[in-house]
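I'd like to ask you about the structure that follows.
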Amino acid sequence: MENSNVKENLEVLFEKFKNMIKVETVVGEAVQIGDTTLVPFVDVTFGFGTGTNHCTANKSQESGGGGGGAKMEPSA
């Protein structure tokens, strides 16, 4: 697995996560009511892992995988 492909894949994946875990996605934007502005607060949890393997025992084989997740919950 070429390092440039891994880097490109990770960049795309992180960009998708960034767009997915915005406050507006879960609870919406701030709301103005008269002189008061209600601002949503959220708890965000984010994790990601990736790995690759290169085996040369019999013939050159490469494999890799990755995964990640994000969770947002309104907190106020």
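For the chain, place one equal point scatterer on every Cα, skip the solvent, and apply the Debye formula. What is log10 of I(q)/I(0) at q = 0.12, 0.19, 0.20, 0.23 Å⁻¹?
-0.53, -0.86, -0.90, -1.04
Further question: Work out the count of Lys pairs in the chain where the Cα-Cα distance is under 30 Å, with the pair 8 or more places apart or on different chains.
8
Apply 1/(1 + (r/R0)^6) to the Cβ-Cβ distance of K16 and E73, taking R0 = 25 Å, and write down the FRET efficiency to the nearest 0.05.
After rounding to 0.05, the efficiency reads 0.80.
Rounding to the nearest 10 and keeping the result within 0 to 90°, find how far the Cα-based axis of helix 3-20 lies from the longest principal axis of the chain.
Rounded to the nearest ten degrees, it is 20.
Let me have the 222 nm mean residue ellipticity of the chain computed from DSSP H runs of 4+ only, each contributing -39500 (n - 2.57), with the sum over all residues rounded to the nearest 500.
-9000 deg cm²/dmol
Per 0.36 nm of contour for each residue apart, how much would the distance between E29 and F48 grow if the chain were fully extended, relative to their Cα-Cα spacing?
This chain segment gains 4.2 nm when fully extended.
We did not get these values from a lab; they are worked out from the coordinates using the rules stated. Keep in mind it's a predicted model, so treat the numbers as computed, not measured. Methodologically, a virtual Cβ is constructed for each residue, glycine included, from the backbone with ideal geometry; neighbour enumeration extends over all protein chains shown.
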